[in-house]
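Quick notes on the structure that follows.
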Amino acid sequence: MENETRSERRLPIIGALPPLSWRRIAVSISAALLLVSVWTAGPSYGAVPKLDTIRVAIFIDLPKYKLNTATGTFTATGGLEVGIRQPSGVQPLFKAGAGETMRFTLDDYKVRIVETADFTKALAAAKRVKAAGGAAFITSASKGGVVYQVQEGSYPNAAAAKTAADKWAGDGTLATMIGQATASVTGPMRLEAGVYASREEAKAAAAKFGAAGLDAYVAMKQSGSEAAVYTVLVGSAADNAALATVKAAAATLPEGAALKATDASSAYLLMQEDYAVTGTSNAPQALYAVPATGTKVWLSTASDSGIKFAERYGRSYRGQFEISGLNSKLTIINELPFEQYLHSVVGAEMPSSWHAEALKAQAVAARTYALYQGFGFQVAHVVDTVLSQAYGGISAEKPATIKAVDATKGEVAMYNGKVIETVFSSSAGGATAEAQEIWGSAVPYLKTVVSPDEVSEKGLYKWYRVVLPSGVNGYIREDLLTATEEKTAAGSAIMSVRSNGVKVRPIPLVQDTVTPVAQVNNGTRVVVLEKVTQSNEMSWVRGPFTSSELLATIKGKVKTAVQGPIRTLEISKSGPSGRPTEINANGLPLTVGNPDTFRSAFGGLPSTNFRIDETSRMTIAGAGSTTERTSGSTGFIVQGAEGKAEEAGGSQLYILNGKGDIRAATKEPSFRFVGTGYGHGVGLSQYGARGLAEAGYDYQYILKYYYKDVTIGKE
């Protein structure tokens with residue numbers, strides 16, 4: 001949970017650290033730990049909150065969190081039981097067969113792309129819609145014969161659907177496929193045709209309206225406390241005028257005289273068959289449209305293998321699902337026993353192969369965090385991403401994570417008798433952050449402590465930052481280079497490339513989606529600038545970024561836009577753990593909501609703990625004076641040994657300081673970020689917890705180390 005929500009433990013013998021000192025101190029942490037007793041007091045069984053079941057939002061649309069889907073597709077090996085959830089309980093509707101697929105969408109505003117009797121044409125149109133990023137449905141209707149209706153999307157109102165319809169009407173590829181572009185808006189305003197004893201009777205009634213050219217759908221609804229009944233909903237109107245037209249047309253039929261507008265608060269399921277997923281006319285899937293308000297569909301199963309949810313990576317989940325509309329979007333919530341939820345969270349947040357005491361610490365932190373949230377997402381306690389804590393369903397459960405949760409059942413971390421917000425991150429990078437230096441508000445139990453996070457570097461490759469014959473620099477992995485006895489005139493080591501086609505990376509990490517700096521072949525001589533560990537949760541490099549690249553990532557993330565190109569970017573203030581709390585661009589502070597925003601502002605940095613390498617900044621020593629150069633806006637003149645002064649060529653410069661170290665610099669402003677840790681760094685560090693556990697400390701000690709002055713309570 002990267003909230004990042006990963007927790008921390010605090011060693012009471014080590015206090016707050018001065019900026020940048022944690023790298024040195026962390027090296028000796030193992031020795032320091034040996035001086036501390038591993039004894040910890042047992043849990044205090046005070047008044048601890050309890051949660052029997054938890055509601056996890058898988059898809060939801062709220063101001064603080066938006067993750068949307070137009071459909072929800074479910075299956076269960078033992079079949080699905082479908083009902084309507086009411087305040088009085090769940091009223092059953094029907095049961096789907098073993099392995100039967102059920103697809104849900106909102107009964108809202110959509111775009112009708114085409115209506116045709118030609119299935120091939122309908123399928124081609126649906127494929128085009130999908131290829132262009134739309135959500136496509138192919139449903140069938142009886143209108144004096146079978147016709148196929150291709151619909152797209154899920155829109156909150158008619159205006160939004162009209163905008164989408166205009167876009168699809170202007171799609172030339174789509175127009176070629178269907179012969180014409182006639183995209184129109186459909187809506188949820190319908191007329192209701194009474195109650196029928198069976199689905200077959202309702203289908204026959206719907207066909208009569210269809211024969212008159214009207215959209216007509218079978219629907220299932222609850223009728224008071226009685227069993228579910230069938231009805232027919234007529235029309236797909238997007239406004240009152242369109243509904244009046246439907247009513248006038250229906251009134252010409254004997255069956256249409258008694259039609260009434262559908263009660264907006266009624267709970268129903270509009271039943272259709274959808275061919276978009278299977279792509280064949282003889283293998284439709286059941287599609288159910290749920291009203292945008294007033295209906296909560298409840299899915300449950302007796303199968304031990306849970307409910308499979310296609311739109312969420314095909315994962316299977318324990319418990320039940322609730323499907324409804326919220327803020328005009330499809331809302332899908334998984335409700336399950338709280339401790340079973342934790343079985344999955346611990347497995348998703350921490351490798352099950354890690355030390356048992358680290359897993360237990362994660363279990364208590366995850367339980368405490370969830371309890372602290374309350375209904376943090378309006379109709380749910382948490383979401384399934386790292387905005388809360390990672391939750392991966394049944395597949396994330398492992399025997400070791402289940403054991404860790406069960407061994408700590410009911411235990412939570414408390415401060416002054418109250419459950420705390422046990423935030424955590426993957427790695428603190430050697431020292432945790434104080435809450436105030438990341439989010440702007442002090443929290444008494446979230447203070448900086450040394451964290452043994454180096455364990456993440458075990459077994460990783462070393463990489464060399466090298467200069468190529470072309471003058472360009474980048475990183476090559478150690479196993480792709482061979483040492484030579486050669487050195488440059490400045491004393492730098494020269495290495496030789498071992499094979500052909502070796503890619504030179506911009507950072508010390510293989511990234512298939514990032515273009516290499518260059519590619520070199522066997523025997524190429526390169527000059528070594530530095531040797532570093534492969535980028536990982538403990539240490540990392542990002543960049544270099546040009547001024548224009550940084551301006552693009554900063555846009556929208558700072559309150560006051562940066563004027564002109566970025567010439568300088570420097571840390572002007574740091575917090576107790578050494579993390580930047582203020583950064584100046586061109587001498588003026590970047591205005592952000594809180595320092596945690598710097599991560600996203602600079603293109604998604606792994607952590608809040610970093611330094612900035614301004615590659616064009618250099619101090620030039622002259623006769624009796626020094627000059628600070630911060631920008632590439634003026635020419636750069638160098639003087640060689642023969643005394644001739646001329647402007648430096650190329651974009652890369654390599655500067656030798658008085659200690660004999662060579663630094664890579666640039667003529668034009670460019671910026672690299674070199675940092676440690678992964679996540680916000682506040683609270684428990686997961687790699688730190690692993691390090692402490694491997695050093696012999698139990699889970700209670702780990703928790704009390706990362707969360708200052710807390711106690712462990714139990715239900």
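Packing here is the average count of other Cβ atoms within 10 Å per residue, and on that basis the peptides 122-129, 98-105, 165-172, 85-92, highest first, run 122-129, 98-105, 165-172, 85-92.
Counting 0.36 nm for each residue step from K130 to N500 and taking away their Cα separation leaves a gain of 129.0 nm. Label zone of S305 (point 7 Å out along Cα→Cβ, amide N under 16 Å): in segment 395-413 this covers 395-396. Projecting label points 7 angstrom from Cα along Cα→Cβ for V510 and A241 puts them 6.2 nm apart. The label point for T385 and the one for S441, both projected 7 Å from the Cα toward the Cβ, are 2.2 nm apart. Of the three principal axes defined by the Cα atoms of segment 148-286, the extents in descending order read 50, 36, 28 Å. In plain terms, the C-alpha convex hull of segment 461-533 casts an average shadow of 4.5 nm² when viewed from every direction.
Could you give the Stokes-Einstein D for segment 337-485 in µm² per second, using the C-alpha Kirkwood radius, 4 °C, 1.567 mPa s? Could the numbers behind the result be given before it?
Details: Rh = 18.1 Å.
The estimated diffusion coefficient comes to 72 µm²/s.
Stretching A356 away from E485 to a fully extended chain increases their span by 41.7 nm, per 0.36 nm per residue minus the current alpha-carbon distance. Remark: relative contact order (segment 120-250) = 22 percent; criterion is Cα-Cα distance under 8 angstrom and separation of 6 or more residues. Counted residue by residue at 0.36 nm each, then reduced by the alpha carbon distance between them, the extension gain from E201 to A258 reaches 18.8 nm. Between A251 and D118, the simple label model (points 7 Å from Cα in the Cβ direction) yields a spacing of 3.8 nm. In this structure, A552 and N594 have a Cβ-Cβ separation that, at R0 = 25 Å, corresponds to a calculated FRET efficiency of about 0.70. Pairs over the 18 Å Cα-Cα cut-off, from the set K418/K714; K66/K308; K64/K110; K418/K704; K110/K296; K121/K208: K66/K308; K64/K110; K110/K296; K121/K208. Temperature 25 °C, viscosity 0.890 mPa s: under these conditions the Stokes-Einstein estimate for segment 56-142, based on its Kirkwood radius over C-alpha pairs, is 152 µm² per second. Each principal axis of segment 92-164 carries a Cα extent, and these read 39, 30, 26 Å when sorted largest first. Dimensions of segment 274-337 based on its C-alpha atoms, expressed as ranges along the principal axes with the largest first, amount to 40, 32, 20 Å.
To make sure I understand the rule: partners must be lysines, Cα under 16 Å from the Cα of K503, and not fewer than 8 residues away in the same chain. Which ones qualify? Excluding near neighbours in sequence, the set is K462.
No lab work stands behind these numbers, since they all come straight from the coordinates. Model, not experiment: these values are computed from the prediction. Counting neighbours? That spans all protein chains shown, and the Cβs are built from the backbone with ideal geometry, glycine included.
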